1. Quick check on the range A:189-307: of the DSSP beta bridges with both residues there, what percent are antiparallel, nearest 5%?
2. Quantify how strongly other chains surround peptide A:289-299 by giving the mean number of their Cβ atoms within 10 Å of each of its Cβ atoms.
3. If you plug each phi of the range A:93-105 into the Karplus form 6.51 cos²θ - 1.76 cosθ + 1.60 with θ = phi - 60°, what whole-Hz ³J(HN,Hα) values come out, in order, with x for Gly and Pro?
4. 5 Å is the cut-off here: which amide hydrogens, built 1.01 Å from N in the peptide plane, fall below it relative to B:Val111, excluding neighbours closer than 5 in sequence?
5. Would the range B:100-226 count as rounded, prolate or oblate if I go by the C-alpha gyration tensor, calling it rounded below 1.5 in a/c and otherwise prolate when a/b exceeds b/c, oblate otherwise?
6. Using a 4.7 Å cut-off between beta carbons, which cysteines in chain B end up with no partner cysteine at all?
7. Considering Cα pairs under 8 angstrom that are at least six residues apart, work out the relative contact order of the range A:27-171 and quote it in whole percent.
8. Which Cβ of chain B lies nearest the axis of the rotation superposing B onto A, and at what whole-Å distance?
Protein chains: 2
Amino acid sequence: MRPGFTVHARAGAARAGRLVTAHGVVETPAFMPVGTYGTVKAMTPEELESLGAQIILGNTFHLMLRPGAKIIAAHGGLHRFMHWTHPILTDSGGFQVFSLKSLRRISEEGVWFRSPVDGREVRLTPEDSMEVQLALRSDIAMALDDCTAYPATEAEARASMERSMRWAVRSHAHYYRPAAQEPAGGLFGIVQGGMHMPLRLASLDALLRLEWPGLAVGGLAVGESEQERLGVLESLVPQMPAGLPRYLMGVGRPEDIVAAVLCGIDLFDCVMPTRHARNGHLFTASGVINIRNSAFAADLSPVDASCDCYTCRNFTRAYLRHLDRCNEILGSRLNTIHNLHFYIALMRALRAAIAAGTLGEWARQFLAARRDRGAVA
Amino acid sequence: MRPGFTVHARAGAARAGRLVTAHGVVETPAFMPVGTYGTVKAMTPEELESLGAQIILGNTFHLMLRPGAKIIAAHGGLHRFMHWTHPILTDSGGFQVFSLKSLRRISEEGVWFRSPVDGREVRLTPEDSMEVQLALRSDIAMALDDCTAYPATEAEARASMERSMRWAVRSHAHYYRPAAQEPAGGLFGIVQGGMHMPLRLASLDALLRLEWPGLAVGGLAVGESEQERLGVLESLVPQMPAGLPRYLMGVGRPEDIVAAVLCGIDLFDCVMPTRHARNGHLFTASGVINIRNSAFAADLSPVDASCDCYTCRNFTRAYLRHLDRCNEILGSRLNTIHNLHFYIALMRALRAAIAAGTLGEWARQFLAARRDRGAVA
């Protein structure tokens, strides 16, 4: 079924809504933990559920290489393969392919790249990406786009955006092709155009010639400054249809998410909470701490005394530091639980503040506290 | 408190009993998952609990090096450090030190070794081992022994055993020293003597001059044949006091455990289920499978159709193989759950067969089935 979206509260440009999919409802603004290889690293599906995750992201690029779409399709799709019963969004694979740089070549038809797994040459066209995502049976699929590099001249950004728009048309045509079975989900389009506002608006116009159950903002979190990113969002988002969910791809730090929610963004994904966890970087109300620091060797307090996650309720900083030093799997697990809890609690707080009409004050305090404490991620 | 032990059912030499400690009851025969660094690798305490683990083993050698006894003592002991509320047995550190071979030198006082963590020289005397184990507040501590190499001449085995017996006396004297606080648990003695039965019996005699709440058989699972091991057990165990629990250290494969239970052993530990899990070797009713095998790439069946563990209820062999190929932490977790479930279910079946008076037949079938299928671990 095509996802449906309703907004039930607003606070300035920010909105609280409900995204309805075949696998259930996602309350927005929402954060999607990233499950690259059919697993949110270190977590079981039940743990994600109990943390309050309502939707996760799967990476088409990685899954098409390992184990391949065929094996996942034989399981009946990605949900059953990984035993996750709630909504899944899959990306198109484009972002990862473009990150390969020297290992790929691009044409109007699509992208060819050397598999980082076994070196074989792999093709990814809009039609290929749709085939994989249809096989994965994700609730939300993403159009294949040409991810504009940063920085890019106006001419470069225009050429890239225009190719993305032609690929969006091909993605749409293939995902919804009339002869085929009704897709399990719906396809989101992606606005490109780099840091060039006229291109961003042209991209949005081009997309709106087709019907999408949601739109994404791509090509951000690629190296631009915070100011540039907010500049794009502040100009672009008000032009996006109010009735569609808006997904800011790959962003980011807690403060970036808060700022983007204030601009009217509804959906987020980022590897930061899970990757940081495995590197011992833990989010707290007063900023990020590195559990590897020897200052924590005999610290009997929890990571964050104000946190009620499983990790903080049961384990000390000294224990977590010890697990990290010994490369114990449980360390990655406990850190991941804590960081995902932080992100998911952040989204819950944002939704509550929007509903209560207190978002402005809440966000000012949140951002000021992090700036004061020199929070870095 | 000193552990207490009662036997409530017998089948030949085998017994079913209850080992009572300050942290609860252990039904025997029991298997102790190994928690080297204050974590049974990849598992939370709650997962171990739900698998039915009643007691775990902590490694004094590893914990004294990282994080050190002082930090664990500051937490109130190993239970609180690692958030495990059930019984813990700690080994003495001797076995690991003796495994270092060229990196250690031994004297009557104790052993000196180079820390494999940072290269510093570390001393381990019987008194040192007791100090660490008392700080860990384990329910069962083990005397420091000189672990006899295999093979060993009679003279070598005798010298090693006699040193172990002198160290047992020193361990006992220090663990229960009168001026100190009452220990949290009790101290087990360890019978040594290599493959030489007169030495084994002399070792037992020497130990029985002191009071121990339990006795262990050490110096097995060090390279001897199955026949040699069973030879020692069949001659030694009938001479051990019937009222004390008997712990066979470091053994082993499921078939070895069954054979030892038939000889009258009550307690086991081994890294095999957890280490095998991380290497993709999974125990099943029809032997061990290697999930890395490409034959499982598209296998939609569970690891073992007759198994009701979390892994087998929810995930396919194809998914587990995929996780293993991608080095995903969840793979180690799901494999560990399955293998520990296998071992703990095995012990439950052994206890039930002893109580039902069907142990002989049960064991014959179990061992025959594994021989037929060429089960290897």
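1. 35 percent
2. Averaged over the peptide's residues, the number is 1.
3. x, x, 4, 5, 4, 5, 5, 6, 6, 5, 8, 9, 10
4. HN-HN under 5 Å from B:Val111: B:Leu124, B:Thr125.
5. Oblate, since a/c reaches 1.5 and b/c is not below a/b.
6. B:Cys147, B:Cys263, B:Cys270, B:Cys309, B:Cys326
7. Contact order relative to length: 21 percent.
8. Smallest Cβ distance to the axis, with its residue: B:Ile329, 3.
Every number in this text was worked out from the coordinates using simple rules, so none of it is lab data. Treat the numbers as computed from the prediction; the structure is a model and nothing was measured. Using ideal geometry, Cβ is built from the backbone for each residue, glycine included, and neighbour counts are taken over all protein chains shown.
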